Amino acid sequence: VQLQASGGGSVQAGDSLRLSCAASSRSFGTAGWFRQAPGKEREFVATINLRTQVTFYADSVKGRLTISRDNAKNTVILQMHNLMPEDTAIYYCGARTGAAFGAHYVLGRHYEFWGQGTLVTVSS
């Protein structure tokens with residue numbers, strides 16, 4: 001099973017970016033995005049139950065970032081609007097086979113598979 005993240009780049013504050021996470025398998029129940037800024041620990045960004053499409057976000061990104069799935073392309077999307085310099089980080093997508101009803105998987109150890117990361121740089 002492989003995850004391939006793409007879509008990162010260098011943008012100005014207020015701009016938008018669309019990150020994609022393409023999966024080689026359709027057996028996942030949950031997908032999520034995490035990010036790691038320079039000198040900081042990896043942190044949770046957003047997660048989606050791929051069966052119910054229920055989503056959950058970190059407070060810092062609510063209203064600006066949206067996680068969704070594209071079933072036809074077996075891809076999970078992170079649409080980012082109104083980007084800020086503090087959003088600068090390497091963004092990683094993760095996936096797990098399980099998806100318990102009502103659960104929000106916000107820890108990295110909840111995920112079994114990871115993509116390689118894509119860099120997002122936001123300048124002020």
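Tabulated data for the structure shown
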item: Per residue solvent-accessible surface (Å²) - the chain, probe of 1.4 Å; result: 51 Å²
item: Selection of GluC sites (Glu not before Pro), the stretch 23-119, meeting DSSP coil and at most 15 other Cβ within 10 Å; result: E41, E112
item: Kirkwood hydrodynamic radius of the stretch 24-67, Cα pairs, Å; result: 11.6 Å
item: Area accessible to solvent at H110, 1.4 Å probe radius, in Å²; result: 50 Å²
item: Semi-axes of the equivalent ellipsoid for the stretch 33-124, Cα gyration tensor, largest first, Å; result: 22, 14, 13
item: Restricting the stretch 38-124 to chymotrypsin sites (Phe, Trp or Tyr not before Pro) in coil, as DSSP defines it, with at most 16 other Cβ within 10 Å; result: F101
item: Stretchable slack from E43 to N74, in nm (0.36 nm times residue separation minus alpha-carbon distance); result: 8.7 nm
item: Coil-residue trypsin sites (Lys or Arg not before Pro) of the stretch 43-98, DSSP, other Cβ within 10 Å capped at 15; result: R51, K62, R64
item: Heavy-atom accessible surface of the chain: percent carbon and sulfur, 1.4 Å; result: 50 percent
item: Selection from P85, N74, Q116, by position along the positive dipole direction of the stretch 21-124 (Cβ); result: N74
item: Ranked order, V54, V45 - accessible area, probe 1.4 Å, largest first; result: V54, V45
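The values are calculated or read from the model by the stated rules, or taken from the named source; none is laboratory data. Here the structure is a predicted model, which means the values were calculated and not measured. Every residue, glycine as well, gets a Cβ built from its backbone with ideal geometry; the counts of neighbours run over all protein chains shown. For accessibility, only protein heavy atoms count, side chains too; no ligands or nucleic acids. Shrake-Rupley method; radii C 1.70, N 1.55, O 1.52, S 1.80 Å.
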